[in-house]
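Inspection log for the structure reproduced underneath, given as structure tokens.
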Amino acid sequence: MIKILYMVRPVSRFSYLFKRYIQNTCTAEERNEFVQKVKEEEYILELNSLISNVVNEAETDQEMSQEKADELFDDILNATSDDEVTTFSPSKKNKTMWWAAAAILLLLLGSGIYFILNKDRTAQIVQKEEIHKQQKDDIEPGYNGAILTLSNGQQITLDSAGNGILTAQGNTNIIKKNGKIVYDEQNISKREVLYNTMTTPRGRQYNLVLSDGTKVWLNAASSITFPTAFARKERKVTITGEAYFEVAHNARQPFQVKVNSINIEVLGTHFNVNSYTDEPYVKTTLLEGSVKIDSRGKTVLLKPKEEARINQFTNEPIAVTKPDIEEVMAWKNGRFSFNKTDLKTVMRQIMRWYNVDVEYKGSIPVRYFTADISRNNNLSAILKILELSNVHFKMEEDSSLGHAGKITVFP
């Protein structure tokens, strides 16, 4: 008689914790241990395999796919206190198709990415090794840098300039200090109006302090033109692209921002202006204080947490909305924040920050994204996350074209 011996592979600690976790039978200590382990890169592939097995079981087990999916979805989203995570709560009937996306949330915590798929798409799992393969010819994120054009036409590349006084314009010293430009007016009684322009090409952002103490942050592909010292009666600047302002209060000297034919007037306040020419609207979002907006003979006074939208291509009246402030300010805080954002809008933000061109081929499906992603990630990691929604990308690195490369989007 021949005996056949079967070697049983021991169950790993992680697999044991995973099973206990989804069955809601783990102790508080086991639950904390599991949540910590899923943040570590060494467990990502095993988590991927375990989730895939549960997905397959869910397709043939209706009870599991409804009741367990609901339980797992809620538990996973509440399992972590990581500041990067924002809870999303779909309706009860949609949770079946959403719970695997919640598992992806755990899968990606270690890279600082939070992503929820479209509710009508079956979730897919990120293969970590695929991301590593793409990073060989990757495109790095944008960085802190700008070009300062002086009134005499001289240009200073700020990202390569050292700290200290860069030059003097009239009665004002231009100083680089801790990664920003500061205009220090020396002689108020003898003001000479000279204009400078700060430009952030695609792939760069910068901030400066104007001579009155107003702080300005410039997003990628933007510019601001301003006097080195303001006149006595008014403070006026002109911008393109996107900028965030914290205006120094001076009731006797209103601050004005010009965007094409639009005039934004404030006394002292915090607000953001998005005026990219490839976006449909010029949007002014007020965080603190009040602003008055004049456009095409119409005037609107904004209250905090309101946004004025002006269509750049039609004569529609100014629309006032209640925006998602975190989404508006994400760029300044080093984030991409999407809230049911369409694919082309997402790609325009990626184009500016990574300094790439974007080309579309074929019939691209309509897709909307809800995500919170660090802008410090390399481009391949961002594209891999977006591909979870069944849209595909080809990335080509080519600095000889005057930009970092090109992305081709296809179905």
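Scanning the range 336-374 for residues that are surrounded by fewer than 20 Cβ atoms within 10 Å (Cβ to Cβ) and among the charged types (D, E, K, R) turns up 340, 342, 344, 348, 357, 359, 361, 367.
Among strands (runs of 3 or more DSSP E) entirely within the range 209-258, having at least 3 residues that are hydrophobic (A, V, I, L, M, F, W, C) and touching a residue at least 24 places away in the same chain (Cβ under 8 Å) singles out 215-218, 235-246.
Any residue in the range 203-223 that is farther than 28 Å from residue 290 by Cβ and among the charged types (D, E, K, R)? For the range 203-223, residues farther than 28 Å from residue 290 by Cβ and among the charged types (D, E, K, R): present. Evaluate the following for residue 209: is it among the β-branched types (Val, Ile, Thr), within 20 Å of residue 331 (Cα to Cα) and buried (at least 19 other Cβ atoms within 10 Å of the Cβ)? Here the answer is no, as residue 209 does not meet what is asked.
The set of residues from the range 321-334 being under 13 Å from residue 372 (Cβ atoms) and surrounded by fewer than 19 Cβ atoms within 10 Å (Cβ to Cβ) comprises 324, 326, 327, 329, 333, 334.
The set of residues in the range 339-358 being within 17 Å of residue 221 (Cα to Cα) and part of a strand (DSSP E or B) consists of 356, 357, 358.
Here 296, 367 are screened, and the one residue that is outside the structural domain of residue 404 (by TED's automatic domain parsing), of a type outside the set (A, V, I, L, M, F, W, C), modelled with pLDDT under 90 and more than 20 Å from residue 405 (Cα to Cα) is 296.
Just checking, which of 305, 322 is out of contact with any Ser or Thr (no Cβ under 9 Å at 6 or more places or on another chain) and in the same structural domain as residue 254 (by TED's automatic domain parsing)?
Details: 305 fails: out of contact with any Ser or Thr (no Cβ under 9 Å at 6 or more places or on another chain).
The unique qualifying residue is 322.
Quick one: would you say residue 409 is touching a residue at least 60 places away in the same chain (Cβ under 8 Å) and among the β-branched types (Val, Ile, Thr)?
Values: touching a residue at least 60 places away in the same chain (Cβ under 8 Å): yes; among the β-branched types (Val, Ile, Thr): yes.
When the stated conditions are applied, residue 409 passes them.
For residue 311, state whether it is assigned by TED's automatic domain parsing to the domain that holds residue 283, farther than 22 Å from residue 139 by Cβ and modelled with pLDDT of 90 or more. Judged against the criteria, residue 311 is a match. Tell me yes or no: at least one residue of the range 326-336 is touching a residue at least 24 places away in the same chain (Cβ under 8 Å), touching a strand residue (DSSP E or B) at 6+ places or on another chain (Cβ under 9 Å) and in a strand (DSSP E or B). Within the range 326-336, one or more residues are touching a residue at least 24 places away in the same chain (Cβ under 8 Å), touching a strand residue (DSSP E or B) at 6+ places or on another chain (Cβ under 9 Å) and in a strand (DSSP E or B). Taking the range 212-251 only, how many residues are among the acidic types (Asp, Glu) and surrounded by 20 or more Cβ atoms within 10 Å (Cβ to Cβ)? Total meeting the criteria: 1.
The values are calculated or read from the model by the stated rules, or taken from the named source; none is laboratory data. Just so it is clear, the model here is predicted, and its values are computed rather than measured. Counting neighbours? That spans all protein chains shown, and the Cβs are built from the backbone with ideal geometry, glycine included.
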